[in-house]
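Notes follow once the structure below has been shown.
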Amino acid sequence: MKKEITLKALDTNKFIEEQVNAIRSLVGDGVAINALSGGVDSSTVTMLGHRALGRRLRTVFIQNGLMRQDEAESVVSIFSGLGVNVEIVDAKNEFLDSLKGLTDPEEKREAITTTFYKKVFGRIVRESEARFLLQGTILTDIDETVAGIKRQHNVFAQLGIDPQEAFGYQIIEPLVQLRKDGVRAVGRALGLPEEMFNRIPFPGPALAARIIGEVTAEKLETVRKATLVVEKALGGRGAFQYMAILHDDRVTGVRNGKRDFGQQIEIRCWDSIDARTATPTKLPFEVLEKMADDIINEVPGIVSVTYNITSKPPSTIEAV
Ligand code: XMP
């Protein structure tokens, strides 16, 4: 395995040049493919691959329907501004169907992973001419796989591709020697705008991780609207991560003089260095009040807004 490159030891320009050369010599005059989510790792790998291969890198953004408001369009437009063409593949219904009836957090995660790799991306890769997959795996992903925290990090198996049968496929992981801070530095040096290289963490299962209980199109719309309010209110305050969570149980409220058995949103805002431990941010009460007002006014069906004041541990950052 290649050696770790710490942020201190990282010479971003030299790293970029070496990785670009390595990608070029591996792919030759072939075609490579990658999936972009808009997260720091996949964005950085897209820029590296594009620098190495230009149009011979095919980048797809899989619209799983679990993303935030206008997320796909905004990522595609940022990359278009950087001269990188990104293709949106609409797979909303496949993801929603796979989540139908599931309430257990791990079953929901498993359904999303399987739909992504085995069905949607697997199909795109098999149908493409590409024989090279560019992946934004970082050193922390490898550590977590070895420690059993993450699912098996075996992309071929995840894609449902038998390496024997698919002889000739090759995975390229240019970021495996880096941690997140190094990736951010490389992303910045590659010209990613700050909103991309400094993004707050967002989980792979996306808004499905912010809905307690079954994920439906209606609940996604509700949590998406609440997320918009929370991200607008809490962005730029230096918090590590912040989110809106839609609860499964209802509470009685009053709207226009009438009792309304409505839904609840929980807001979380975290101070943390590395997500391993975290404490709730001591937000000014006026900020909390304003968020509650905006959510009640802008998100249909919500009658209760709460702020979580528990630390991790025993809480986790996400609720699902
Ligand atoms: P927890 O909730 O475990 O989260 O305290 C720690 C960090 O990891 C993110 N997270 C996930 N990321 N897939 C991901 O890609 C997941 O299933 C997942 N669950 C949690 C979370 O947002 C936080 O930054």
Single residue of the stretch 276-297 satisfying the filter (in a loop (DSSP other than H, G, I, E, B) and surrounded by fewer than 11 Cβ atoms within 10 Å (Cβ to Cβ)) that is farthest from the ligand (Cβ to nearest atom)
Pro284
Filter result (of a type outside the set (Val, Ile, Thr), surrounded by fewer than 22 Cβ atoms within 10 Å (Cβ to Cβ) and closer than 23 Å to Leu48 by Cβ) within the stretch 123-134:
Ser128, Glu129, Ala130, Arg131, Leu133
Which condition breaks for Ile78 when tested against (1) touching a helix residue (DSSP H, G or I) at 6+ places or on another chain (Cβ under 7 Å); (2) over 21 Å from Gly39 (Cα atoms)?
(2)
So Val60 ticks every box in (1) aliphatic (A, V, I, L, M); (2) buried (at least 20 other Cβ atoms within 10 Å of the Cβ); (3) over 25 Å from His247 (Cβ atoms) but one. Which box is left unticked?
(2)
Which is at pLDDT 95 or above and either basic (Lys, Arg) or outside any helix (DSSP H, G or I) (or both), of Thr310, Thr222, Thr227?
Thr310
With the checklist (1) more than 20 Å from Lys108 (Cβ to Cβ); (2) assigned to a strand (DSSP E or B) in hand, flag the one item Ile273 doesn't pass.
(2)
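The values are calculated or read from the model by the stated rules, or taken from the named source; none is laboratory data. If you're wondering where the values come from, they're calculated on a predicted model, not measured in any experiment. Note that we place each Cβ from the backbone using ideal geometry, even for glycine, and neighbour counts take in every protein chain shown.
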